[in-house]
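Report on the following structure.
Please treat every number below as a calculation from the coordinates, not as lab data. Everything numeric here is computed off the predicted structure, so don't read it as measured data. A quick note on method: Cβ atoms are made from the backbone with ideal geometry, for glycine too, and the neighbour counts reach across all protein chains shown.
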Amino acid sequence: MRKTFMMTAALAALVLCTAHPAYARTKLTTLPERGRTMIRMDNPIATLIQEDRVLTLRKGANRVDFAWKGVFVDADSIRLAVISPKSGVRLISVSYPPGENALIWDVWADAPSEATVRISYLLALIDRLAVYKGVLDADEARMTLSEYAVVRNFSGEDFASATVALPGRPAFTRSIGHEETLQRLVMEKAALPVVKVWTFDSANLPWDPEKEEANVGIPVSYRLENTQAAGLGLGPLDAGKVRVFQIDPKGSAMFLGEDESGFVPVGKRMEVNVGQSRDVVVTQRKMKEERVNIRRNSSGRVVLYDTDEIVTAKVENFKDRPAVLTLIQHIPGQWDMEACNMEYVKKDSETLEFSVKLAPRSKQELSMHYHRRNIRE
């Protein structure tokens, strides 16, 4: 087995000398084999290793020498804690030999004994990824969501029978060697309610798709709510790749697409974009744009004006099922709405978001009548 992480220990009596208060560093035995080992991956940018070892201590001061080679250990993170016995054994001091990847612990024992200690340190080049698989039913109304933890070990160290602890997920125990990658199912939820959403952003998509030479589709995504009411909500969902499949009428899984999801806290929404679709079509036009309330300077030059604008957007659903369209409109600068036939949410000062619910094979039309104010010439 490849072992480049070398750790040694020395256990010796503490000899106090007035002329030489610092005693020589000796190496008598190697550290005992690891007992319980925990790989804590709570923090996505740092992995904490916790390993329990049993030290045989003499009465008085004992020196424990901890050294490493061929791995990236954060020296400032290394800690030693006495787990048992609860009394009679304590850490006196720690020192760092200059120019070495090592440190020395001085451990005091009131009597000869065996002590279980826990050594903790941050180890680089061992990390985790989250990968999700979503399987939709034939009606696209429910999804089975599976989360896999991918653990990658390129640290230079082998771990035998280590317990891997993940945030908000059950821990699992197995060995993982250097240059090994493992994948583990850590969460699976069935029959989660899902909403299929088309998103038309008027700043990014053609207003009249019929005039385009290439086929113009509208981005399609599936939305899951990370709440207990929606079957999730027990913890955040880590950022990761999401692959979406659908069960066809014959029972086979059909791949629909994949997306990178960001971190989803409890109470927020996971939205997975799977491509584009022509099942819903938006045709948008500016029906009116006039200058009003024109203001001039003393030379007669126009310096400020307002506008009177009307924009319409016809939305058509060609599917035999209901559809939900998120329609995003932009009005730059200072403005006020004179009339609008649909409710909207202001995402910021210039962005309006409409949620248009369409019956099967139906159409609706948005009409916005607004004024932009104090535009400079």
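Here are a few things to note about the model shown:
- For the pair Lys69 and Lys268, label points projected 7 Å from Cα toward Cβ lie 4.6 nm apart.
- Label-point separation in nm, Gln228 to Thr163, each point 7 Å along Cα→Cβ: 2.6
- The candidate values were [x] 1.01; [y] 0.95; [z] 1.22; the one computed from these coordinates for Rg/Rh (Cα atoms, Kirkwood Rh) carries the label [z].
- Within the listed set Val194, Val292, Val244, the Gaussian network model of the chain (springs between alpha-carbon atoms below 10 Å) gives the highest mean-square fluctuation for Val292.
- HN-Hα J in Hz across region 101-112 - Karplus 6.51, -1.76, 1.60, θ = phi - 60°, x for Gly and Pro: 8, 7, 8, 10, 9, 9, 10, 9, 10, 5, 8, x
- Entries in Lys189/Lys363; Lys133/Lys196; Lys286/Lys357; Lys268/Lys347; Lys314/Lys346 that, when Cα-Cα distance is taken, lie over 25 Å: Lys189/Lys363
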